1. So Asp127 ticks every box in (1) open to solvent by 50 Å² or more (accessible area, probe 1.4 Å); (2) modelled with pLDDT of 95 or more; (3) not aliphatic (A, V, I, L, M) but one. Which box is left unticked?
2. Taking the stretch 32-45 as the search range and keeping residues that are under 21 Å from Thr113 (Cβ atoms) and among the acidic types (Asp, Glu), which one is least open to solvent (accessible area, probe 1.4 Å)?
3. Return the pair list, or none, for Cβ contacts closer than 7 Å from residues in the stretch 101-121 that are hydroxyl-bearing (Ser, Thr, Tyr) to residues that are surrounded by fewer than 17 Cβ atoms within 10 Å (Cβ to Cβ), at least 6 apart or on different chains.
4. Let me confirm something: among Ala99, Ala51, Ala29, which residue is at pLDDT below 95 and open to solvent by less than 40 Å² (accessible area, probe 1.4 Å)?
5. Return only the number of the condition from (1) loosely packed, with under 15 Cβ neighbours inside 10 Å; (2) farther than 17 Å from Asn102 by Cβ that Ser65 does not satisfy.
6. Mind listing just one residue for me: the one in the stretch 102-124 that is open to solvent by 70 Å² or more (accessible area, probe 1.4 Å), in a loop (DSSP other than H, G, I, E, B) and charged (D, E, K, R) and, of those, modelled with the highest pLDDT?
7. Does Val125 count as in contact (Cβ under 8 Å) with a residue 12 or more places away in the chain, among the β-branched types (Val, Ile, Thr) and closer than 24 Å to Ser16 by Cβ?
8. Condition check: hydroxyl-bearing (Ser, Thr, Tyr), modelled with pLDDT of 95 or more, within 20 Å of Glu123 (Cα to Cα) and open to solvent by less than 40 Å² (accessible area, probe 1.4 Å). Does Ser73 satisfy that?
Amino acid sequence: MKITKNGAIPTKRGSSDWFKGDVLIDEIALPDDPWRVHVLNVSFEPGARTAWHSHPLGQVLHIVSGVGRVQKSGDPPIDVHPGDTVWIAPGERHWHGSAPGNSLVHLAVHRATADGAEVTWFEQVSDADYAP
């Protein structure tokens, strides 16, 4: 058994390479062997969002508070609310963040591959894609 005490892992700001707007990331579980599961509590200020990206082994998002927005490439964005869970298929190109005028907190869960790959980042989400 391993217990990570509150505050042992410092909160990080989301990199402007991968996020637009103010985003805070708290790592709950690090992707160590043998599990390789990464669990994050991510807080988005209104208008903040990820860049387009994909996960080689997929991802699960669970909406904790606020109003969020998710989009799969080729589909329109969808608003999500507290208690909603979003399942993202392996390799599926997508983005997620807060809905316009709202903040969002979600849990993000994904696994790293055996070689440590967790995510492939693409371009930033355009304002037209974010709020069509």
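1. Of everything listed in (1) open to solvent by 50 Å² or more (accessible area, probe 1.4 Å); (2) modelled with pLDDT of 95 or more; (3) not aliphatic (A, V, I, L, M), Asp127 misses just condition (2).
2. It comes out as Asp32.
3. Short answer, once both residue conditions are applied: Ser103/Glu45; Ser103/Pro46; Thr113/Pro56; Thr113/Leu57.
4. Numbers: Ala99 fails: at pLDDT below 95; Ala51 fails: at pLDDT below 95.
One residue alone meets the criteria, Ala29.
5. (2)
6. Glu123
7. Values: in contact (Cβ under 8 Å) with a residue 12 or more places away in the chain: yes; among the β-branched types (Val, Ile, Thr): yes; closer than 24 Å to Ser16 by Cβ: yes.
Criteria met by Val125.
8. Values: hydroxyl-bearing (Ser, Thr, Tyr): yes; modelled with pLDDT of 95 or more: yes; within 20 Å of Glu123 (Cα to Cα): yes; open to solvent by less than 40 Å² (accessible area, probe 1.4 Å): no.
Criteria not met by Ser73.
The values are calculated or read from the model by the stated rules, or taken from the named source; none is laboratory data. A quick note: this is a predicted structure, and the numbers were derived from the prediction, not measured. Positions of Cβ are generated from backbone atoms using ideal geometry, with glycine treated the same way; all protein chains shown enter the neighbour counts. Just so you know, the surface numbers come from the protein's heavy atoms only, side chains and all, with ligands and any DNA or RNA stripped out. Shrake-Rupley method; radii C 1.70, N 1.55, O 1.52, S 1.80 Å.
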